[in-house]
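Enquirer: One structure, pasted below without further comment.
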Amino acid sequence: MITLNDLTQISETEWEIPQSFRSDMRGAVRIFATRELLDHVLSDKSLEQAVNATTLPGLVGAVTVMPDMHQGYGFPIGGVAATVFPQGVVSPGAIGYDINCGVRLLGSQIDFETAKAHLDMLATRLNQYCPSGVGKDGLVNISIPELERVLKDGMKWAKKNGYATEADLRCTEESGAFKGADPRKVSERAKKRGKSQLGSLGAGNHFIEVDLVQEIYDEEAASIMGLRKGHLAVQIHTGSRGLGHQVCTDYVREFQGAVRRYNIQLPDRELVCAPMDSPEGAAYLGAMRSAANFAFVNRTLLAHAARRAFEETFAGKTKNWHLHQVYDITHNMGKIEVHEIQGERVKVCVHRKGATRAFGPGSPGLPPEYQKIGQPVLVPGSMGTSSWVLVGTEDSMTRSFGSSCHGAGRMMSRSKAKKQFRGDMLRLELGDRGIHIRAGSMKGLAEEAPNAYKDVNAVVETVSQAGIARKVARLKPLAVIKG
Amino acid sequence: MPFEEISHTADWSIRVWADDLRGLLAESARGMWMLTNAEQAEGPRARREMSLEAYDAEGLLVAFLEELLYLSESEKIVFNEFKGLKVEDLRLSGIMEGGAVRSMEKEIKAVTFHNLEIRETGRGLEVEIVFDV
């Protein structure tokens with residue numbers, strides 16, 4: 001078990017486990033956390049998992065972990081690891097089963113006073129139009145050839161079919177379509193799982209949430225994003241559903257053989273990997289990007305349904321009921337990026353698992369409107385607590401491979417949460433606070449109780465103080481739809 | 001029940017034990033369905049032959065549970081009874097039986113290899129499995 005004595009303090013918000021800690025490490029572990037948040041981190045096996053992640057062949061720099069980090073499987077949630085491209089490895093387990101799980105934020109010009117009498121109806125419509133829960137089919141059921149076009153073209157497919165606008169594409173990471181997607185590398189099994197699930201939320205911690213923009217911290221950035229204090233906004237948190245889960249499953253199994261073939265020694269089989277310039281590694285990259293494109297379209301269809309719910313609820317009650325896309329980010333992905341490492345520009349694959357890209361102002365790939373302020377970073381809180389809109393900074397580019405936190409981060413196990421909280425009571429409590437809840441499962445709701453998570457405000461204060469992201473706006477939940 | 005839920009911060013984990021590998025596979029499946037709170041509808045039982053292979057026993061366990069998860073999602077059938085399970089040269093064969101899903105409260109995304117190790121203990125074979133949820 002790693003203890004505080006094994007860590008070197010760099011600053012109030014930064015700690016390090018040196019490479020000398022274990023003989024098989026290829027780099028250090030860099031932790032962004034306050035002393036208080038560190039206590040949570042030390043209470044589970046997340047740091048052991050971060051140390052294990054440093055053994056990935058081709059690792060460049062330190063494995064970096066965010067203040068919302070917690071124990072996952074193989075690779076910690078909240079972890080960032082870069083491997084040199086193309087000789088280094090790509091590890092599906094360091095990206096996660098829910099490939100391109102992410103968040104989309106939509107803004108509006110609807111003020112709370114106009115909206116408050118209609119929030120219950122809005123929650124009902126969102127629940128009705130946005131399929132959620134275990135085993136629920138999606139909004140569209142498409143043929144396999146059509147699905148392959150989704151996998152290849154991502155949100156370009158959605159735009160062509162009337163589900164997205166040019167502005168939606170522009171305000172999405174990678175413009176909603178990863179280049180290099182290769183649907184031929186996605187198994188028939190994955191396609192079969194995906195074809196009926198496009199446009200569905202799923203279960204677990206996924207949600208659609210209507211929020212109130214409660215506080216603005218950076219007027220210029222908020223104004224550019226179209227966020228105004230007192231107005232409504234919508235967050236959509238979901239990923240690539242069964243298709244992505246199957247892609248990861250297929251390649252984790254396939255790579256059990258690849259590590260033997262390439263003589264790669266790892267401390268945990270869930271970290272299995274393959275060199276990116278090997279046939280196995282290249283195939284996974286093509287499949288992973290296909291799954292990511294599926295996830296972009298999945299969130300797009302749900303946003304389309306949310307826009308319908310808003311129109312039916314607010315048309316005639318306010319002049320402008322439209323929802324504009326602020327940004328769409330992925331927090332489970334492997335991306336080829338160029339970063340400066342010890343004065344040299346190096347092309348790497350940045351694995352982010354439960355971590356958000358947080359590119360600073362002027363970075364490549366940002367839409368023109370965000371060039372000046374940096375990339376929006378969306379940090380949803382736990383149910384019933386604040387969520388945050390941040391922007392990336394120049395510092396994040398040099399200190400965290402252009403990455404920041406992705407949420408509050410769990411601190412209590414699901415089994416303990418189920419014993420400690422009751423879903424029906426929680427719904428009543430949140431209702432008393434003016435939060436309209438629609439949930440498919442009361443047990444599922446109990447597992448997602450706010451007290452099972454860390455304080456998202458403390459997480460955001462940490463990345464802000466550390467300088468790897470900057471605060472723009474705080475959102476307060478008004479209605480939550482969960483599977 | 002020869003399985004129990006064990007604490008994990010974000011995901012789900014169970015410890016399973018049985019006399020031999022065949023028993024361990026069957027009990028792991030039942031433990032997995034317990035976590036999802038899967039309920040079967042009344043009506044005719046589905047029967048299916050299965051044949052799986054892997055590099056080792058742990059790989060076989062993951063492949064078996066993944067197969068069951070896949071069938072529960074794609075065909076909406078929970079297979080929870082196993083007959084004539086046979087493991088030869090890391091090849092698993094046998095018959096599985098199950099019923100249509102009436103309800104399933106929780107979703108398991110995947111079965112992981114995280115620290116997966118089948119060990120011999122005083123209770124026979126024992127394993128801890130982490131599921132991504």
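The values are calculated or read from the model by the stated rules, or taken from the named source; none is laboratory data. Just so we're clear, the structure is a prediction, and the values are computed from it rather than from any experiment. Don't worry about glycine lacking a Cβ; one is built from the backbone with ideal geometry, like all the others, and counts go over all protein chains shown. Just so you know, the surface numbers come from the protein's heavy atoms only, side chains and all, with ligands and any DNA or RNA stripped out. Shrake-Rupley method; radii C 1.70, N 1.55, O 1.52, S 1.80 Å.
Enquirer: Compute the length gained on full extension between A:N457 and A:T8: take 0.36 nm times their separation in residues and subtract their Cα-Cα distance, giving the result in nm to one decimal.
Expert: This chain segment gains 159.2 nm when fully extended.
Enquirer: Can you work out the Karplus-derived ³J(HN,Hα) for every residue in the range B:96-106? Use 6.51 cos²θ - 1.76 cosθ + 1.60 with θ = phi - 60°, whole Hz, and x for glycine or proline.
Expert: Along the range B:96-106, the couplings run 10, 10, x, x, 4, 6, 8, 7, 9, 7, 10 Hz.
Enquirer: Then there is this: Treating cross-link reach as a plain straight distance, find the aspartates and glutamates whose alpha-carbon is under 13 Å from the alpha-carbon of A:K476, omitting any fewer than eight places away in the same chain.
Expert: Hits, sequence-local ones excluded: A:E209, A:D211, A:E215.
Enquirer: State the answer as a single residue: which of A:F401, A:P368, B:L60 lies farthest towards the positive end of the charge dipole of the protein assembly as shown, with beta carbon charges of +1 for Lys and Arg and -1 for Asp and Glu, about the Cα centre.
Expert: With unit charges placed on the Cβ atoms, the residue in question is A:P368.
Enquirer: How would you order A:322-329, A:66-73 from highest to lowest mean count of nearby Cβ atoms within 10 Å? Present the calculation step by step, with values, prior to reporting the outcome.
Expert: Numbers: A:322-329: 22.1, A:66-73: 28.8.
Most protected by this proxy first, the peptides run A:66-73, A:322-329.
Enquirer: Run the reach check for A:K353 against lysines, Cα to Cα strictly under 21 Å, same-chain hits fewer than 8 apart removed. What comes back?
Expert: Here the lysines satisfying the reach criterion relative to A:K353 are A:K45, A:K179, A:K335, A:K454, B:K109.
Enquirer: When all protein chains stay in place, what accessible area (Å², nearest 10, 1.4 Å probe) is found for A:R149?
Expert: Here the accessible area works out near 110 Å².
Enquirer: In the range B:45-93, which residues give up 20 Å² or more of accessible area once the other protein chains are added, compared with their chain alone (1.4 Å probe)?
Expert: Buried by the other chains: B:Y55, B:D56, B:A63, B:E66, B:E67, B:Y70, B:E73, B:S74, B:K76.
Enquirer: Probe radius 1.4 Å, ligands and nucleic acids left out: can you give me the accessible area buried at the A-B interface, summed over both chains, in Å² to the nearest hundred? Present the calculation step by step, with values, prior to reporting the outcome.
Expert: Values: alone 18170 and 7410 Å², together 22130 Å².
So the total buried area for this chain pair works out to about 3500 Å².
Enquirer: With 22 Å as the limit, write out which pairs from A:K116/A:K471; A:K416/A:K482; A:K116/A:K319 have Cα-Cα distances beyond it, or answer none. Intermediate values should be presented prior to the final figure.
Expert: Details: A:K116/A:K471 26 Å; A:K416/A:K482 20 Å; A:K116/A:K319 16 Å.
Cα-Cα > 22 Å for A:K116/A:K471; rest within.
Enquirer: Across 10 Å bins from 0, what is the distribution of all Cα-Cα pair distances for the range B:13-111, in whole percents?
Expert: The distribution over the range B:13-111 is 16, 51, 30, 3, given as percents.
Enquirer: Mind checking the per residue accessible area of the protein assembly as shown for me, 1.4 Å probe, whole number of Å²?
Expert: 36
Enquirer: Would you list which aspartates and glutamates come within 16 Å of A:K372, measuring only between C-alpha atoms, while excluding same-chain residues fewer than 8 positions from it?
Expert: A:D218, A:E219, A:E220, A:E394, A:D395
Enquirer: How big is the Rg/Rh ratio for the protein assembly as shown, C-alpha atoms only, Rh by Kirkwood, two decimals? Kindly include the intermediate steps, with their values, before the conclusion.
Expert: On the way: Rg = 23.0 Å, Rh = 24.3 Å.
Looking at the protein assembly as shown, the ratio lands at 0.95.
Enquirer: Run the numbers on the range A:55-86: which residues show a drop of 50 Å² or more in accessible area, chain on its own versus all protein chains together, using a 1.4 Å probe over heavy atoms?
Expert: Listed by number, the residues meeting the 50 Å² cut-off are A:Q71, A:Y73.
Enquirer: May I pose another question? Estimate the FRET efficiency between A:D24 and B:M1 by the formula 1/(1 + (r/R0)^6), using the beta-carbon distance for r and 30 Å for R0, to the nearest 0.05. Numbers along the way, then the final one.
Expert: Values: r = 38 Å, r/R0 = 1.27.
FRET efficiency, A:D24 to B:M1: 0.20.
Enquirer: Largest first and in whole Å, give the semi-axes of the range A:335-483's equivalent ellipsoid, each being the square root of 5 times a Cα gyration tensor eigenvalue. Spell out each step's value before the answer.
Expert: On the way: eigenvalues 241, 52, 31 Å².
So the equivalent ellipsoid measures 35, 16, 12 Å along its semi-axes.
Enquirer: So for the pair A:D277, A:E311, with labels modelled 7 Å out along Cα→Cβ, what separation do we get in nm?
Expert: According to this spin-label approximation, the distance is 5.1 nm.
Enquirer: Could you pull the accessible area for A:F178 with a 1.4 Å probe, rounded to 10 Å²?
Expert: 20
Enquirer: For chain A, with the dipole built from +1 on Lys and Arg beta-carbon atoms and -1 on Asp and Glu ones, taken about the Cα centre, which of A:I77, A:A358, A:A315 lies farthest toward the positive end?
Expert: Toward the positive end, the furthest listed residue is A:A315.
Enquirer: Determine the shielding of peptide A:243-250 by partner chains: average, over its residues, the number of Cβ atoms on other chains within 10 angstrom of each Cβ.
Expert: Values: counts 0, 2, 9, 7, 0, 4, 10, 1.
Across A:243-250, the average partner-chain Cβ count within 10 Å equals 4.
Enquirer: How large is the accessible surface of A:D39 in square angstrom, using a 1.4 angstrom probe and rounding to the nearest 10?
Expert: Around 80 Å² of this residue is reachable by solvent.
Enquirer: What is the dipole size for the protein assembly as shown, taken about its Cα centre, with +1 at each Lys and Arg Cβ and -1 at each Asp and Glu Cβ, in debye to the nearest 20? Could the numbers behind the result be given before it?
Expert: Details: 75 positive and 79 negative charges, 305 e Å.
The dipole magnitude comes to about 1460 debye.
Enquirer: Mind ranking B:E117, B:E128, B:E66 by accessible surface for me, highest first, 1.4 Å probe? Don't skip to the answer; put the middle values down first.
Expert: Values: B:E117 105, B:E128 70, B:E66 10 Å².
Order by accessible area, largest first: B:E117, B:E128, B:E66.
Enquirer: So which residues in the range A:263-281 end up with at least 10 square angstrom less accessible surface once the other protein chains are there, compared with the chain by itself, probe 1.4 angstrom?
Expert: A:D268, A:R269, A:E270
Enquirer: Each residue of the range A:268-275 in turn: what ³J(HN,Hα) in whole Hz from Karplus with 6.51, -1.76, 1.60 and θ = phi - 60°, glycine and Pro shown as x?
Expert: Taking θ as phi minus 60°, the curve returns 8, 5, 6, 8, 3, 7, 8, x Hz for the range A:268-275.
Enquirer: Anything over 20 Å Cα to Cα? Flag those among A:K160/A:K317; A:K192/A:K443; A:K136/A:K191; A:K443/B:K106, in the order listed. Before the final figure, lay out the partial values.
Expert: Numbers: A:K160/A:K317 31 Å; A:K192/A:K443 29 Å; A:K136/A:K191 16 Å; A:K443/B:K106 8 Å.
Cα-Cα > 20 Å for A:K160/A:K317; A:K192/A:K443; rest within.
Enquirer: Only Lys, Arg, Asp and Glu count, each charged at its Cβ (+1, +1, -1, -1), so figure out the dipole size of the range B:13-111 about its Cα centre, rounded to 20 debye. Present the calculation step by step, with values, prior to reporting the outcome.
Expert: On the way: 13 positive and 19 negative charges, 57 e Å.
Taking the Cα centre of the range B:13-111 as origin, the dipole is about 280 debye.
Enquirer: Just report the Cα centroid separation between the range A:143-205 and the range A:285-345, whole Å.
Expert: 11
Enquirer: With the full set of protein chains in place, find how many percent of the accessible area of the range B:13-111 is carbon and sulfur; take the probe as 1.4 Å. Before the final figure, lay out the partial values.
Expert: Details: 1820 of 4170 Å².
C and S fraction of accessible area: 44 percent.
Enquirer: Place a point 7 Å from Cα of B:R45 in the direction of its Cβ. Which residues in the range B:72-89 have their backbone N less than 13 Å from it?
Expert: B:78-84
Enquirer: Any idea how far apart A:D137 and A:R35 come out in nm if each label point goes 7 Å out from Cα toward Cβ?
Expert: So the two model labels end up 5.8 nm from each other.
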